[in-house]
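So the structure is just underneath, and the comments pick up after that.
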Amino acid sequence: MKKYPAYILTIALLMGIMLFNTSCGNNKGTPDDKAAAAADEAGDDKALQEKMSPYVEVINEVSKPLNKGYSYYLNYVQAETGEPLTKGAGVYFMPEIKNADAKLTAIENAAKAEPKADIDQYAAAYVTKAKEALNLHNQLAAYYQAKENLVDNHAKGLALHKDYIAALTDFKTTAQQVAAAYDKYYKEGNAKYIARLEQKGDKVRVAANLLMNEAEVLQSDFYAAIPAKGPITITPELEAVMTRTGEFQKLIAAFNTAEQSISEADKKKFFRAGTIFSFFSGKANTLLTQIRSVIDKLKQDPKADIGHEYESIGRSYDDMIQEFNRNQF
């Protein structure tokens with residue numbers, strides 16, 4: 001799991017895209033046949049969307065805090081033993097994760113519901129592993145929050161440590177499978193959505209979706225190229241991110257061209273009143289310049305502290321998502 005799990009946030013927020021899908025069948029047949037086929041497709045899309053909603057919830061409200069807690073904890077203890085990294089130093093843990101049982105039950109029910117989806121095959125294992133991981137996470141969270149480790153000299157923490165590491169390692173594998181299965185569903189649906197927008201002549205939403213998709217890849221590749229620990233070197237992967245920013249810049253320009261070409265009448269037809277599309281491209285430009293700047297900073301000084309920039313890139317990506325949804329792209 002990357003330090004900044006922006007990818008998971010994408011899944012949650014971009015789910016809103018699918019709400020704007022309308023079916024436009026290209027199949028041959030009479031108008032009535034086409035209308036019936038379009039209605040059937042719309043119904044299938046909605047049913048699948050409803051099925052996926054509980055999966056999105058567990059990705060964001062179970063997987064994300066569990067993985068974040070795991071990474072946070074390992075900032076303070078030795079992964080092998082659970083002993084504090086620095087003798088005499090404090091050990092800190094993320095808060096308890098509450099109200100997860102209902103969310104886990106929801107994906108069990110979703111897996112049984114029609115229409116069937118590839119993601120369903122992971123539901124049972126996810127629930128079992130999540131319950132074990134949550135139990136250990138919450139025990140350690142309560143223990144360290146109450147500072148019991150100062151009373152028993154870390155005895156309970158050390159006793160739980162190996163089971164916690166094993167449970168989280170096992171859970172992460174299945175959590176990644178669930179996230180990947182949802183990502184596949186989303187990307188397939190997004191491709192259909194863009195095709196429909198193109199057919200409608202909605203140039204702004206087409207350009208916005210292409211730009212948002214590229215932003216996801218760009219920031220994900222950036223974080224993947226930065227090691228979790230140790231020195232940061234300019235690797236071929238990081239160089240590839242810098243090269244990829246050129247494609248991102250082209251898509252920003254394409255969005256700006258589309259936005260400037262749309263008439264006021266079309267804005268009223270396709271979008272709600274009061275949208276300011278330039279804010280979206282502004283956030284994209286911020287993300288672009290931040291990624292380029294931090295890579296250049298590392299080229300100049302591989303030992304440079306990039307902690308602030310590292311987090312800022314994630315926040316800028318989140319800002320793009322918020323503007324994307326606010327404009328109902």
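The values are calculated or read from the model by the stated rules, or taken from the named source; none is laboratory data. Keep in mind the model is a prediction, meaning the values are calculated, not measured. Methodologically, a virtual Cβ is constructed for each residue, glycine included, from the backbone with ideal geometry; neighbour enumeration extends over all protein chains shown. Note: accessible area is taken over every heavy atom of the protein model, side chains too, but ligands, DNA and RNA are not part of it. Shrake-Rupley method; radii C 1.70, N 1.55, O 1.52, S 1.80 Å.
List, please: which pairs have Cβ atoms under 6 Å, are six or more places apart or on different chains, and start with a residue in the range 39-55 that is part of a helix (DSSP H, G or I) and end with one that is open to solvent by 30 Å² or more (accessible area, probe 1.4 Å) and at pLDDT 85 or above?
47/115; 48/115; 51/113; 54/106
Taking the condition in a helix (DSSP H, G or I) and either within 13 Å of residue 55 (Cβ to Cβ) or touching a residue at least 40 places away in the same chain (Cβ under 8 Å) (or both), does residue 134 pass?
For residue 134, the condition - in a helix (DSSP H, G or I) and either within 13 Å of residue 55 (Cβ to Cβ) or touching a residue at least 40 places away in the same chain (Cβ under 8 Å) (or both) - is met.
Could you please give the count of residues in the range 270-326 that are at pLDDT below 85 and in contact with a helix residue (DSSP H, G or I) (Cβ under 6 Å, 6 or more places away or on another chain)?
4
Looking at 144, 126, 73, 92, which one is closer than 19 Å to residue 57 by Cα, of a type in the set (Phe, Trp, Tyr) and out of contact with any strand residue (DSSP E or B) (no Cβ under 7 Å at 6 or more places or on another chain)?
Residue meeting the stated conditions: 126.
I'm trying to understand the selection: among the residues of the range 185-199, which are surrounded by 13 or more Cβ atoms within 10 Å (Cβ to Cβ) and either in contact (Cβ under 8 Å) with a residue 24 or more places away in the chain or under 16 Å from the mean Cα position of the chain (by Cα) (or both)?
185, 186, 189, 190, 192, 193, 196 - these are the residues of the range 185-199 that are surrounded by 13 or more Cβ atoms within 10 Å (Cβ to Cβ) and either in contact (Cβ under 8 Å) with a residue 24 or more places away in the chain or under 16 Å from the mean Cα position of the chain (by Cα) (or both).
Do we find a residue being out of contact with any His (no Cβ under 6 Å at 6 or more places or on another chain), of a type in the set (D, E, K, R), more than 18 Å from residue 213 (Cβ to Cβ) and part of a loop (DSSP other than H, G, I, E, B) anywhere in the range 305-314?
Yes: the range 305-314 contains one or more residues that are out of contact with any His (no Cβ under 6 Å at 6 or more places or on another chain), of a type in the set (D, E, K, R), more than 18 Å from residue 213 (Cβ to Cβ) and part of a loop (DSSP other than H, G, I, E, B).
Answer yes if at least one residue in the range 282-295 is β-branched (Val, Ile, Thr), in a helix (DSSP H, G or I) and open to solvent by 60 Å² or more (accessible area, probe 1.4 Å), and no otherwise.
The answer is yes; a qualifying residue exists.
Determine whether the range 123-136 contains at least one residue that is of a type outside the set (A, V, I, L, M), within 16 Å of residue 68 (Cβ to Cβ) and open to solvent by less than 80 Å² (accessible area, probe 1.4 Å).
no
So which residues in the range 137-166 are closer than 23 Å to residue 99 by Cβ, of a type outside the set (S, T, N, Q) and open to solvent by less than 50 Å² (accessible area, probe 1.4 Å), if there are any at all?
Of everything in the range 137-166, those that are closer than 23 Å to residue 99 by Cβ, of a type outside the set (S, T, N, Q) and open to solvent by less than 50 Å² (accessible area, probe 1.4 Å) turn out to be 137, 140, 141, 142, 143, 144, 160, 164.
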